[in-house]
1. Tell me the residue from B:THR217, B:THR191 that is in contact (Cβ under 8 Å) with a residue 12 or more places away in the chain, buried (at least 19 other Cβ atoms within 10 Å of the Cβ) and either farther than 30 Å from A:LYS206 by Cβ or more than 14 Å from every other protein chain (Cβ to nearest Cβ) (or both), please.
2. In the stretch B:153-208, what residues are part of a loop (DSSP other than H, G, I, E, B), closer than 15 Å to B:SER230 by Cβ and more than 21 Å from the chain's Cα centre (by Cα)?
3. Given (1) within 14 Å of chain A (Cβ to nearest Cβ); (2) in contact (Cβ under 8 Å) with a residue 12 or more places away in the chain, where does B:GLY126 come up short, assuming only one miss?
4. So which residues in the stretch B:77-118 are more than 10 Å from chain A (Cβ to nearest Cβ), open to solvent by 20 Å² or more (accessible area, probe 1.4 Å) and under 18 Å from B:PHE42 (Cβ atoms)?
5. Within the stretch A:220-261, track down each residue that is at pLDDT below 90 and crowded, with 18+ Cβ neighbours inside 10 Å.
6. What tally of residues in the stretch A:42-78 results from selecting those that are within 19 Å of the chain's Cα centre (by Cα), surrounded by fewer than 16 Cβ atoms within 10 Å (Cβ to Cβ) and of a type in the set (A, V, I, L, M, F, W, C)?
7. Checking B:ASP201 against (1) open to solvent by less than 50 Å² (accessible area, probe 1.4 Å); (2) at pLDDT below 95: exactly one of these is not met. Which one?
Amino acid sequence: MKFRAKIVDAACLNHFTRVSAMIAKLAKTCTLRISPQKLNFIVSDKVANGGVSMWCELEQENFFSEFQMEGVSAENNAIYLELLSENLSRALKTAQNARALKIKLTNKHFPCLTVSIELLSVSSSSRIVTHDIPVKVIPRKLWKDLQEPTVPVSDVSIYLPVLKTMKSIVEKMKNISNHLIIEANLSGELNLKIETELVCVTTHFKDLGNPQSASADASQDRDPEQMAEVHIDIRKLLQFLAGQQVNPTKAVCNIVSNKIIHFDLLHEDVSLQYFIPAFS
Amino acid sequence: MPLLTPQIQDENDYSLVASLDNVRNLSTILKAIHFREHATCFATKNGIKVTVENAKCVQANAFIQAGIFQEFIVQEESVTFRINLTIFLDCLSIFGSSPMPGTLTALRMCYQGYGYPLMLFLEEGGVVTVCKINTQEPEETLDFDFCSTNVINKIILQSEGLREAFSELDMTSEVLQITMSPDKPYFRLSTFGNAGSSHLDYPKDSDLMESFHCNQTQVNRYKISLLKPSTKALVLSCKVSIRTDNRGFLSLQYMIRNEDGQICFVEYYCCPDEEVPESES
């Protein structure tokens, strides 16, 4: 198993830092999957912990100027590492405005992801900051739990409103209730609803638009006004929204009635999929 | 707000209808009296009064005159209901408490009458939020019988003069002692805490003093825990009037200027703690 990579472009470095900051907001621990073409950040919570799962994918060549890896074997050419996402994002924070960044899988009594950052300095001598992030190498037999999730056939697929607006509304709703109902239809309408003994609050978004999805066939017979709804844990949704610091280039939500809600986001060339299961 | 029209087919169905272009003109004032969970609302054709009480000793009233609203209709002589203020405020600020500059949240508030929920329709940038808050049986509120003819001492201060004093009150002291007098020390705030006593004097010719009418020396003590919540109103206000009557009851009136430059008032009444023993002070 080998992995070493290097970023020299300032824009790529910034982008990579932002991605790691987003991951840190979304999950405490995550799995980093390294393969010849792609890097993935994966979260797959146990059902007991809420069952949230995340799949974030970026093409390595869009970020790295050098990228060498050798997986566990030729036919399983990948590496799965478990790490505290906070550790990675904290290490990368120092890389803002740095000249170069190197990431390497090392063994220093225990496996580490070693991040070396070459900082700019006024004098000609360069300064290098090194972070050793402890990681757990995930054995081959557990990989099956960390596969790319299959996107369920949704009842309704809709573009999301401005995430910042959505976040501030959900934040206030969280003060009142733990449960949230999201419902949407094929006429571009999405509602956020909470209901308690004391108060019912519904926020209506309209004219959002519905993407032409692959599952369009399934939903073609559907009454465009009919709502598909899911009851979810409001904290899980807020966590997802709080992680979105910049408005994505594309943001879609797919609802499978009473089963699951799937968020599909695109930040330039980083794709993020986030799944929140419905309360049964 | 075309989206809202279907819900308000007949205005006569409602005993109270009020609209505001900027919801913050209401929410800011209500935050100033938000020290208990529940509030009682009284609406008459003059406006809305919202009352919050604690320990049968302190009462806060926020007055939002009819003129603050762009539309204000009350069908009955007076409309009264009790509401969970925390939830009411969460609903009013559903689009965020500090909105982006240039965006305003509009509000339409409807109440059908006894037993019905309070309906709020909020709109910002084409997004509409509908809130249905259950109302409760109104409770009788205290009558402090604070009559201006019985007022002994009255001071009007610029709020900034009191703001720092209140934010740094020694909370280990059980009481705040207020001395008002035609002679020295004129106006004094005293606390008696673990670390010792502290006295803060305001000379009557201070720039902060807008008016000074003290007829008789009065020394009264008030539970500091009851007065501390009034800091919320103090922070928002530009002027404060401090009055005491012949029974030692305290009235604090805060003048608050809203974002549109209109004036609203928030008033706190507090009863005195106990007789001041001769030996102290």
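1. B:THR191
2. Residue satisfying the conditions is B:MET171 alone.
3. Tallying (1) within 14 Å of chain A (Cβ to nearest Cβ); (2) in contact (Cβ under 8 Å) with a residue 12 or more places away in the chain, B:GLY126 fails exactly one: (2).
4. Scanning the stretch B:77-118 gives B:GLU77, B:SER78, B:THR80, B:ARG82, B:GLN112, B:TYR114, B:GLY115, B:TYR116.
5. Result: A:GLY243, A:GLN244, A:PRO248.
6. 1
7. Status for B:ASP201: all satisfied but (1).
This table checks each residue for (1) farther than 22 Å from A:HIS231 by Cβ; (2) in a loop (DSSP other than H, G, I, E, B); (3) without any contact (Cβ under 8 Å) to a residue 60 or more places away in the chain; (4) within 14 Å of chain B (Cβ to nearest Cβ).
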{"position": "A:ILE117", "(1), (2), (3), (4)": "yes, no, yes, no"}
{"position": "A:ILE128", "(1), (2), (3), (4)": "yes, no, yes, no"}
{"position": "A:ASP145", "(1), (2), (3), (4)": "yes, no, no, no"}
{"position": "A:LYS172", "(1), (2), (3), (4)": "no, no, yes, yes"}
{"position": "A:ASN175", "(1), (2), (3), (4)": "no, no, yes, yes"}
{"position": "A:LEU192", "(1), (2), (3), (4)": "no, no, yes, yes"}
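The values are calculated or read from the model by the stated rules, or taken from the named source; none is laboratory data. Since this is a predicted model, take the numbers as computed values, not measurements. Cβ atoms come from the backbone with ideal geometry, glycine included; neighbour counts cover every protein chain shown. Areas reflect the complete protein model, heavy atoms only, side chains present, ligands, DNA and RNA absent. Shrake-Rupley method; radii C 1.70, N 1.55, O 1.52, S 1.80 Å.
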